[in-house]
């Protein structure tokens, strides 16, 4: 047995620390031999495996020593992968390069090879990211979901983007999905300060760079993700262009209710009652307690059933109404953002004619003063146009990726 292989087996077993690997993988080291990794750990062998990773001794050693990211090695041709790309990505967690998180592929309907990782933000919270990478990608799209949403809901989005040549990276914001929640009642959406979401953004960007994801980066931000994304852009988010879908730059609320919402939520903070559920909201999520005919999200019954089935299959992904603190902080954030100029960045925004959640006036006002900004109003569009009729959905993805492609041509 090669001395290089012997040392590598020992190093791999030390990294795995008895954890094993759910599957089989083979490392083929040029001129030295092969190593099999499976549920029993690492051993010198040349058996068949789900995936084979081939590299020189120097590259393999750099990966094990943490001096080279496996994705970087793969994208630059220094590491070749033959077989199940998803298993290859999962190896990064087993080897201690990145902590693997659950990705519920039974409900995600994403491309093959997806992987999820845990990240720790600068203020100490654990969040989750989901990555669908691809060789030869034109760039990577950062997906910022809305309130109550989770990574798996955007599996179909990742598939649509991959079909058009883009890798994608989605996030479970703090307080939702299976990211860490800040209060004992996990059914209530809560955040300590709205700008804390920028810690999540920073962690995502650090991950993208650590994984050496294909550049340039682009942004797709929906609803609350649009609110978070707008602040991130104003703070210099490293993307070449952005697409917003029904962004939460304001919310629809009656004239009588608005001062009550401001006053009640402000008083709740003063009295220390701000972790309570907003009156009139429910701990059960909107999707599970609402009939299709009454929903404000999509026109498609099959999509509505899919959204319900996702939450029934994995209840921990669910989230109910917001806390009084979240309500107050979101109102303050939206008002603050309305006072800021629009970033000098190419932007495409979609607004449905049947939008019933976010404030169309705020969106029209913002886009009317956005340099290089385009507003597309979609006939019969509800809140989630990326999850609507196939024709509507395909049109949005075609237009969005064509918009991103145009930035690539300009950069070239």
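Rounded is the label for region 1-72, because the ratio a/c of its alpha-carbon gyration tensor axes (a ≥ b ≥ c) stays below 1.5. Just to be sure I understand: with springs between alpha-carbon atoms less than 10 Å apart, which residue in 242, 202, 170 has the highest mean-square fluctuation in the Gaussian network model of the chain? Largest GNM mean-square fluctuation: 202.
For the chain, the 222 nm mean residue ellipticity estimated from helices alone, with every DSSP H stretch of n ≥ 4 adding -39500 (n - 2.57) and the total spread over all residues, rounds to -11000 deg cm²/dmol.
Highest mobility in the GNM of the chain, judged by mean-square fluctuation with C-alpha springs under 10 Å and restricted to 294, 333, 355, is found for 294. With the gyration tensor restricted to C-alpha atoms of region 131-250, the semi-axes of the equivalent ellipsoid amount to 23, 15, 14 Å, longest first. Once you have a ≥ b ≥ c as the square roots of the Cα gyration tensor eigenvalues for region 100-411, tell me rounded if a/c is under 1.5, and otherwise prolate or oblate according to whether a/b is larger than b/c. Cα axes put region 100-411 in the rounded bin.
Rounded to the nearest 10 degrees, the inclination of helix 85-94 to the longest alpha-carbon principal axis of the chain is 90 degrees. Cα centroid distance between region 172-238 and region 367-390, in Å? Each part reduced to its Cα centre gives a spacing of 22 Å.
Taking a ≥ b ≥ c as the square roots of the eigenvalues of the alpha carbon gyration tensor, region 220-345 is oblate, as a/c is not under 1.5 and a/b does not beat b/c.
For the chain, the longest principal axis of the C-alpha atoms and the axis of helix 224-234 are separated by about 80°.
Computed from Cα atoms, the angle from the helix 257-270 axis to the main principal axis of the chain rounds to 60 degrees.
Values quoted throughout were computed directly from the atomic coordinates according to the rules given, and no laboratory measurement underlies them. Keep in mind it's a predicted model, so treat the numbers as computed, not measured.
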